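The block underneath contains the structure these notes are about, expressed in structure tokens.
Laboratory data are not the source of any read-out in this text; all were calculated from the coordinates shown. Keep in mind the model is a prediction, meaning the values are calculated, not measured. Here Cβ is always computed from backbone atoms with ideal geometry, including for glycine, and neighbour counts include all displayed protein chains.
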Amino acid sequence: MWLVYALLSAIFAALTSILAKVGIDGVNSNLATAIRTVVVVMMAWLMVLITHSQGGISEIGRKSWLFLVLSGLATGVSWLCYYKAIQLGSISKVVPIDKLSVVITLVLAFIFLHEEFTVKSVIGCILIAAGTLLMVL
């Protein structure tokens, strides 16, 4: 089932980029990011309420709170930079560079989470980096 959700994530991420590029025309990128964020927050809380998950808030430990907040801050900075980049540049160049996050994530997962970094992973990272370079030049 994870594969279905991952594919849906990729489809909706692609739609996000296209819709954002059209919607950001003539709008300050920070304001556009704030509007998008409010919509995301409303959707997330709606899902929490629909699934009756709100009771789990009291069970979240300090470590989880810390890392969830840090993740939220990283997401916010990423979105602010992304919106500014698509406002200033061609989406066909910004998106491939943004997807270098796959390579960076794999390296960070190896360093900090001690996840396996196989020959296949290395080759994949090289191909992604080479593909990104090919697309932006």
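Condition check ((1) farther than 27 Å from L19 by Cα; (2) in contact (Cβ under 8 Å) with a residue 12 or more places away in the chain; (3) of a type in the set (D, E, K, R)) across all residues:
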site	(1), (2), (3)
V39	no, no, no
M42	no, no, no
V48	no, no, no
Q54	yes, no, no
K63	yes, no, yes
L108	yes, no, no
L113	yes, no, no
T132	no, yes, no
L137	no, no, no
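Per-residue answers, yes or no, for (1) among the polar types (S, T, N, Q); (2) surrounded by 10 or more Cβ atoms within 10 Å (Cβ to Cβ); (3) assigned to a helix (DSSP H, G or I):
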residue: I18; (1), (2), (3): no, yes, yes
residue: T33; (1), (2), (3): yes, yes, yes
residue: R36; (1), (2), (3): no, yes, yes
residue: V40; (1), (2), (3): no, yes, yes
residue: K63; (1), (2), (3): no, no, yes
residue: L68; (1), (2), (3): no, yes, yes
residue: G76; (1), (2), (3): no, yes, yes
residue: K84; (1), (2), (3): no, yes, yes
residue: P96; (1), (2), (3): no, yes, yes
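Going by the structure shown, is I123 exposed (fewer than 11 other Cβ atoms within 10 Å of the Cβ), β-branched (V, I, T) and in a helix (DSSP H, G or I)? When the stated conditions are applied, I123 passes them.
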